[in-house]
Structure formats: C-alpha cells, structure tokens
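Everything below concerns the one structure shown next.
The values are calculated or read from the model by the stated rules, or taken from the named source; none is laboratory data. Only a predicted model underlies this, so the values are computations on that prediction, with no experimental measurement involved. Backbone-built Cβ (ideal geometry, glycine too); neighbour counts: all protein chains shown.
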Amino acid sequence: MNNKEMFKHRDINTFLTNNLTKEKRSKKPFEYLNLTYSKQFDYSPMKKQPYTSKANEIKQKSLEEPQILRQKTLPNYEPTKCSSVKNGIIKAYAANTNQGLVREYNEDRVSIILNIIKPQSRENEPWPKCSYFGVYDGHGGSACADFLRDNLHQFVVKEPDFPWNPIKAITKGFEAAEKYFIQMAQDSFNKGILETSGSCAIVVLIIGDSCYVANVGDSRAILSTQNGKKIIDLSNDHKPEFEKNRITKAGGQLYQTHGLNEEGKLILGPVRVNPGKLSVSRTFGDIEAKLEKLGGKPKVVIAEPEIRQFKIIQEHDFIILGSDGIFDRMSSRDVIKGIWEDVQSNKNMNDLHNVMSNAVESVIKESLLRKTIDNVTLLIIAFQINTLREEEIRVKTISYTDQLVKLPQSNKNASNLRFNQNRKQNDENDAFLMNGQVLRQKNKQRYFQENNNGIGWE
C-alpha cells in the first residue's frame, strides 16, 4: 500500500465532505480603513499587494507521524513570517495565522512592535528597550481585532505610567481602548449600522529584561524553560465556567447547548454566558453583551486584563502566544513538545529564525490535522535555545532599531487611530502589524528583513 492510499482518510476534501459543514457568513457591513501611516511613522507602508483566495499546495507534517510528508491543501495558506536578525534579548520570532479548514474568513490578527521610542513630549526622560507582541482572536467580524491590532499598543504606551509602571499602564491602556471602541460602536449604532464584533487579546510586553503578559479572553501564553523540561502557562483561559461567581454576581447567567449526533449520542456544546451568548467571559467590544439599551449588562463580560510579570533569565527558552483554535485540539504540553521535536529535527540548520518559522507551521498544521474548526494563530518569541545559535548578521547600514514607532501625543487626536465606518472591504489579508506597518500577506515571499528602511520583504 502506498502512502497516498494509506492516508486517503486524511484527505482534507474528504474530511470536509464527511465530517464538517462549512460556515456561511456575509461580510460585516463595514471594516476599518487602513489609513496612511506617513504621519505616524518615519517610513511609508508597503503598497497593498494583490490578494488571492486560491489555495496553495503545501506539505503537511504531522507531529504524531513526523517521518511522513503528505501533500495537502490549506485554504489561503501563507508562509510564516519570521525575523532575520536578533533584537536585543529577543533572539528570534515567528508568527503565522490561518483561517482553518472550515471557516471562509480569518478574524485573527497579530501585532509585532520590536522597538517603541518615547513620545517627543518625554524626550528628556530615560527610556528602556521595549518590545510588544499581541495576538487578537476576533469574533462576530474582524472590526474589533483590526482595531486592537493597530491601536492597543498605542493606548498602553502613551499612558504616563509607561514604561516605569507597566502594570498600571497596561490596565489603564486596555480600559481606554475598550471605552474608545465601545464609543465608536455606539456611534455606528446611532447611524443605523450595528457593529457587534468583539475580540480576545493576549499580549506580551518586554521592557528591558522584564516580561509582562496581559490576557483578556481565551487565547493563551505559554513559557518553555530548561530546554522544554518545564512548561508554564502564563495566562488563564477566561471561560464562563471558570468565572461563574463573578458573572452571576454581576447579573449574568451561564448555559450550555446540547444535541444528538448521527449515532444518537448526546453532544454538549461550550458553556456560554448571557447576555451576549459568548463562550468567553472577557472580551473587547461585544456591545450586545455590554450595553443596557441592547439588552447587555456592563459588568458581566469585561475587558479587564489579568497580568503576570517575571524576569527573563537564561533558562527561559521561548514564549508562545496562540489563539484558542490551537488549544481546542492541543494542550499546552502538546504545543511545547511539538515545537521541541521540530527544533531537534532541524538542529542541523543552525539558524534559529528558520527553525522557529518551521516550528510555527508544524504546530498550526498539527492542530488542523486534529480537526480544529476555528481560525488558528501562533507566535513564538525565542530568547535562548541551547541546541541552536542564532545567526549573527553584521548590519553596516543604520540599524532597523532606529526606525521606531511614533506614538500619538493625545487621546483627542482621533486621526491617529485607524478606524473608519465607511470601510467596505474585509481586512483579513492584512492580518499582521509589524513595527507600525500593516504587512500584506503575499505568496512566494517568506521571510522579513529588518533594515534601515524599516521592515521589508527579503
């Protein structure tokens, strides 16, 4: 029996036909406008690249069967985006997002801001090296996730408490971002356009050698230490069943849907919270769950982050940020174990950037092979992997670290926030914001090169 016959049962088209029903959903009535960044940044964004929904043939490698390569088709597959040079304590990073096997849209978004400089109003103050990473898992449309991708880091960094009191800055920044988006959604509602989207957020802020992890929702952050021997969850999943006391005290209710499968067996759905009918208890946006005039209750589903702080030390390997589409089918241990197996199989490559890129793709493909039905996103931030040495590259021109994000000076300057209610085109092919530029996904181009012109295709 050849490999093709052996794995016929894992053919994606057969799988979709026999096991899953594609979700149908019209585009939301408006999305957010990609405003020109020339007023905010020292460089202009890349021109928008043509977008195609044509699937691309790629090889998928199962972590359960690592020796076998099988030809598969993934919807809107795009190569993983990764670093090419180290950036201080961050030796490498890599990220990818995919709409998955069932959904016809991707509402996950990613922000990577390697270096943030102080506002001009604070130019005489000392300023440590700061990096920001965020994964935003949107639902009910991509509008809220788009807004967070482009603006959440700005709300945090322009707080007066940043960077010397990061926990307070994160807390206030998240609160300000939530209020701003809710107000914009209300303004839209008053104009007859109901914007009901929401989003989870998992954020890593690195200031010097201190790491701050902030979580709103059910995305997850995990730390690998001691070459994978120790695995630490850096966030708690904000599920309704885990926050039952808080929800009920605020006037909310929990319920669980159920049904029968083809064999007549009882199938339980996720626990949900009312108002909102959400399977997650903390989110940004979701005005139907929060505004009283729409039947919501403001303290049931909240955007208050849980924050964890620690010092990055030599035994810390890497942090991963992932949307819940990954963890619907894989445990934290599964993900870290899979990454280390991929690292070991590619250790002869001796290039940490490429190894992390391969590891991201391996985990995403494995979650899809395990039949996750959600969008899937994974981001790795590597500090030290003892089996590998990061590739040293001498940069003779001005360092890319000099090309830094300029932050708005005031909350009153709404033009600095990327939001436009007349946006008609979905923004899902602009899933990434890296160093202040929205990066268009483009076929046949794999890695990023940081240079004196900012971020560019290699």
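Taking the criterion of being touching a Ser or Thr at 6+ places or on another chain (Cβ under 9 Å) and at pLDDT below 95, the residues of the range 99-112 that qualify are GLY100, LEU101, VAL102, GLU104, TYR105.
Among the residues examined, ALA95 does not qualify as touching a residue at least 24 places away in the same chain (Cβ under 8 Å), more than 19 Å from the chain's Cα centre (by Cα) and surrounded by 24 or more Cβ atoms within 10 Å (Cβ to Cβ).
Table: residues versus (1) more than 30 Å from ILE312 (Cβ to Cβ); (2) surrounded by fewer than 15 Cβ atoms within 10 Å (Cβ to Cβ).
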site: VAL156; (1), (2): no, no
site: TYR180; (1), (2): yes, no
site: GLY198; (1), (2): yes, no
site: LEU205; (1), (2): no, no
site: LYS230; (1), (2): no, yes
site: GLY251; (1), (2): yes, yes
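Specify the residue that is surrounded by the fewest Cβ atoms within 10 Å (Cβ to Cβ); the eligible residues are those in the range 123-147 that are touching a residue at least 12 places away in the same chain (Cβ under 8 Å) and in a loop (DSSP other than H, G, I, E, B). Looking at residues that are touching a residue at least 12 places away in the same chain (Cβ under 8 Å) and in a loop (DSSP other than H, G, I, E, B), I get PRO128. Closer than 17 Å to PRO305 by Cβ, modelled with pLDDT of 95 or more and part of a strand (DSSP E or B) - does that describe any residue in the range 148-157? No: the range 148-157 contains no residue that is closer than 17 Å to PRO305 by Cβ, modelled with pLDDT of 95 or more and part of a strand (DSSP E or B). Might you let me know whether the range 101-122 holds any residue that is in contact with a strand residue (DSSP E or B) (Cβ under 7 Å, 6 or more places away or on another chain), in contact (Cβ under 8 Å) with a residue 24 or more places away in the chain, over 30 Å from LYS371 (Cα atoms) and assigned to a helix (DSSP H, G or I)? No, the range 101-122 has no match at all.
What's the total number of residues in the range 182-196 that are of a type outside the set (S, T, N, Q) and either part of a strand (DSSP E or B) or buried (at least 18 other Cβ atoms within 10 Å of the Cβ) (or both)? Final tally of qualifying residues: 4. Based on what the data block shows, is PRO160 in a loop (DSSP other than H, G, I, E, B), without any contact (Cβ under 8 Å) to a residue 24 or more places away in the chain, of a type outside the set (Asp, Glu) and surrounded by fewer than 23 Cβ atoms within 10 Å (Cβ to Cβ)? It is true that PRO160 is in a loop (DSSP other than H, G, I, E, B), without any contact (Cβ under 8 Å) to a residue 24 or more places away in the chain, of a type outside the set (Asp, Glu) and surrounded by fewer than 23 Cβ atoms within 10 Å (Cβ to Cβ).
I need every pair where a residue in the range 275-299 that is within 17 Å of GLU241 (Cα to Cα) has its Cβ under 7 Å from the Cβ of a residue that is of a type in the set (Ser, Thr, Tyr) and at pLDDT 95 or above, sequence separation at least 6 or different chains. Pairs found: THR283/SER199.
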